[in-house]
1. Could you give me the ³J(HN,Hα) list for region A:425-432, computed from phi with Karplus coefficients 6.51, -1.76, 1.60 and θ = phi - 60°, whole Hz, x at Gly and Pro?
2. Near A:K177, which aspartates and glutamates are there with a Cα under 13 Å away, not counting those fewer than 8 places off in the same chain?
3. Farthest toward the dipole's positive end in chain A, which of A:Y102, A:T371, A:F49, given Cβ charges of +1 (Lys, Arg) and -1 (Asp, Glu) about the Cα centre?
4. Fewest Cβ neighbours within 10 Å first, please rank A:K252, A:K161, A:K93 accordingly.
5. Could you work out how far helix A:438-450 tilts from the main Cα principal axis of chain A, as a 0 to 90 degree angle to the nearest 10?
6. Can you give the percent of C-alpha pairs in chain A whose distance is more than 44 Å?
7. Give, as a single signed number, the net charge of other residues whose beta carbon lies under 9 Å from the beta carbon of A:G247, with Lys and Arg counted +1 and Asp and Glu -1.
8. Straight-line reach from A:K436: which aspartates and glutamates have Cα under 18 Å away, leaving out those fewer than 8 places along the same chain?
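Bear in mind these aren't lab numbers, they're just calculated from the coordinates by the rules spelled out. Treat the numbers as computed from the prediction; the structure is a model and nothing was measured. Here the Cβ positions follow ideal geometry from the backbone for every residue, glycine too, while neighbour counts run over all protein chains shown.
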Amino acid sequence: MSSLSLYDTLSRTVQPFVPLKKGEASIYLCGATVQAPPHIGHIRSGVNFDILRRWLEKSGFNVTFIRNVTDIDDKILQKAVLEKSPWWAVAMKYERAFTDAYASLNVLPPTYEPRATGHITQMIELMEKLIENGSAYAPGNGDVYLEVRKLSSYLTLSGQKIDDLLPSDDATETFKKDPKDFALWKGAKPGEPSWPTPWGDGRPGWHLECSAMAHAYLGESFDIHGGGLDLIFPHHENEIAQSQSAGWGFAKRWMHNAWVTTSGEKMSKSLGNSLQVTELLKLVRGIELRWYLGSAHYRSMLEFSQSALEESATAFRRIESFLYRAEEILGQAPTPTLSHDFVSAMNDDLALPQALATISQSLRTGNTAITAGDKKALAVSANEVRGALEVLGCDPYDVTFAQSNGGKSRSGDLTSALDGTIQLALAQRASARDRKDFAASDAIRDGLLALGIAIEDTPQGPRWSITSKEER
RNA sequence: GGUCGGGUGGCCGAGAGGCGAGGCUCAGGACUGCAAAUCCUGCUACACGGGUUCAAAUCCCGUCCCGACCUCCA
């Protein structure tokens, strides 16, 4: 069996994954700044790293997965003014929106989900350490800055040179020793929330919380730090600067997911609401949206279009219905197993497109086995398909998705009542077909379809399933 | 200006010196009372111009185009 290799943004190469502690994997993922509802770009990050996590677990690692919530930030404060609502209510509202979105896409809850505002103590401790060792300074206005030129490794993740950077808007900030220094902590402004510190009241800068919280839950160094591409600079550079200035090893490996784009461009707030997760879930089911987001390689841009999403959903339904047919024929749900090719693909930096190709292969083999009446071969294929879907978080049998499933083998009183009703109709249709009254038999089939029940004739007899809205 | 990533068939989307990834759509066929589902066959693509090589989508040089980041974006 091959072993897992992953891309590392720092070295820009794919390297074998060797954990710090045998059998353990520690991951810190930059989660949401909860200032607006999630669009699919946000959630792609969640799905991509969820697949990584599931694969690590499947590979036998005990995974500690930390995904933070940044619940204090300039934009949250702006939004609070706009919505005429306390900043903490705004943050909570959008945090829930993210939680709901993650749940509807079957993203596993993190091992722990720390909020920035719950870790002010750790942030102050970190700043004290940085000031003590001369890495940071408090000029007296309530701000605390990191002195970036003191750290020789600054900007190695993004490969930039400090003097090549464009000057920032606050370059004229007089309290900074150097315009490139960044704020760990911001002095309180009137009307804004603040916490007391040895240097005056204030609130966290953007980056400090991640260093403090990663340290609190994962220790001085950990295996993987993840986030979106745009976080490489400045966010992750600054995290590295803070943490390494404190003497911590910090992340051993950096992984970044690419964008969901529209018309070749990065998604932006100005696109409005149409790409919010809640809107897209009106078009396709959560499992289908997840399948779509997982179908591209995590480091490739995914060009969004509604037709691409719908096509992807159609493709998924084909796989799903194969599993249900297999279950009907075999008399039991497939048992998840992994094919050698699927494992190899996943181990090669989570090569999802290749992994999906192996699913297509198993699917074709399995369908051929159905036609040939080869139950043994069918079981092998169906097991492989389900095993792969399980790793991708798209197992239709997963309880998260179970309520949205059609088909007749699902349990529950309502389903069995419905099944009985449909069987009556099917019996009528069968007798109509026996006397070659096809007008009558088709009327029954069309009538059921109008109600959202699709009928297919198979060598094993007719089967029914709930159709999606757009197929009616 | 600096840094990074791209341009692949009707569409999506991999690959990275030689064997047509895969999916969707479309066309034809098998099966079917008809559908649906399924299977089979077909659609031989890599921005442009040079070069290296027995062999280039892949390497080199040049050109064009697109995108991301450059201090509070996933």
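1. Using θ = phi - 60°, the values come out as 5, 5, 5, 4, 5, 4, 6, 4 Hz.
2. Hits, sequence-local ones excluded: A:D143, A:E147.
3. The residue sitting farthest along the positive end of the dipole is A:T371.
4. By the 10 Å Cβ count, ascending, the order reads A:K161, A:K93, A:K252.
5. Helix A:438-450 and the main axis of chain A meet at about 20 degrees.
6. 25
7. Its environment carries a net charge of 0.
8. Result set, ordered by chain and number: A:D446, A:E456, A:D457.
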